[in-house]
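Asker: This structure is in structure tokens; I'll ask about it shortly.
The values are calculated or read from the model by the stated rules, or taken from the named source; none is laboratory data. Source: prediction; values computed, not measured. In this analysis, Cβ positions are derived from the backbone assuming ideal geometry, glycine residues included, and neighbour counts consider all displayed protein chains. When the accessible area is computed, the model is the full protein with side chains, heavy atoms only, and any ligands, DNA or RNA have been set aside. Shrake-Rupley method; radii C 1.70, N 1.55, O 1.52, S 1.80 Å.
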Amino acid sequence: MTSSTSGGSARAPAKLLLARARLVRHGPTRRAAFPIYDQVLSVDPNNVEATLGKVALYMEAGLTRTALQPLEGASARRPPPVAPLRALAGLLHALGRDTDAFEVESRYAALRFDDGVYLQGQVDLAVSRRDKAGAERWAGRLLDSEPQSAWAHGVVARARVALGDSAAAI
């Protein structure tokens, strides 16, 4: 009983602190949000919003490599939270570490197999490699995950045209 009571009381201050951090982060003294995020993370080291808030501040300050540390720590958890994995993959791509980024993206895709943006990226990658079978496989996954989406059908049609299959694109 005491653990649930203490867990509940730990959440309320965390929510309040996160609201304060958001407010400070968008004000004139952005750096003042760091200790607030640190305070949240001292209570809940797995707090995704605080982790991503710190990463955003690092990125705004141009400290791209420093932003890797909290994201790598978050992605090492079991099970890993999805948002830090996606942010880590994007950051690794920005740093030119594409092989590492692809590994993180595959972990992300295992958790979020229905993410249209990820699936579009895989379709585009297969097209750029001229891998017709791979493009069709990823296109099938995209259409299976978003069967009513005009956007998804457009992505697949453009891929098929790029690979020389205009009839299938129609």
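Asker: Tell me the accessible surface of Arg130 in square angstrom (1.4 angstrom probe, heavy atoms of protein chains only), to the nearest ten.
Answerer: Arg130 has an accessible surface of roughly 150 Å² with all protein chains in place.
Asker: Using only the Cα atoms of segment 58-148, what are the Rg and Dmax in Å?
Answerer: Using the Cα atoms of segment 58-148, the pair Rg, Dmax is 14.4, 43 Å.
Asker: Run through segment 78-170 and list the chymotrypsin sites (Phe, Trp or Tyr not before Pro) located in a DSSP loop whose Cβ has at most 15 other Cβ atoms within 10 Å.
Answerer: Phe113
Asker: When each pair of different Cα atoms in the chain is counted once in the 1/r mean, what is the Kirkwood radius in angstroms, to one decimal?
Answerer: 18.3 Å
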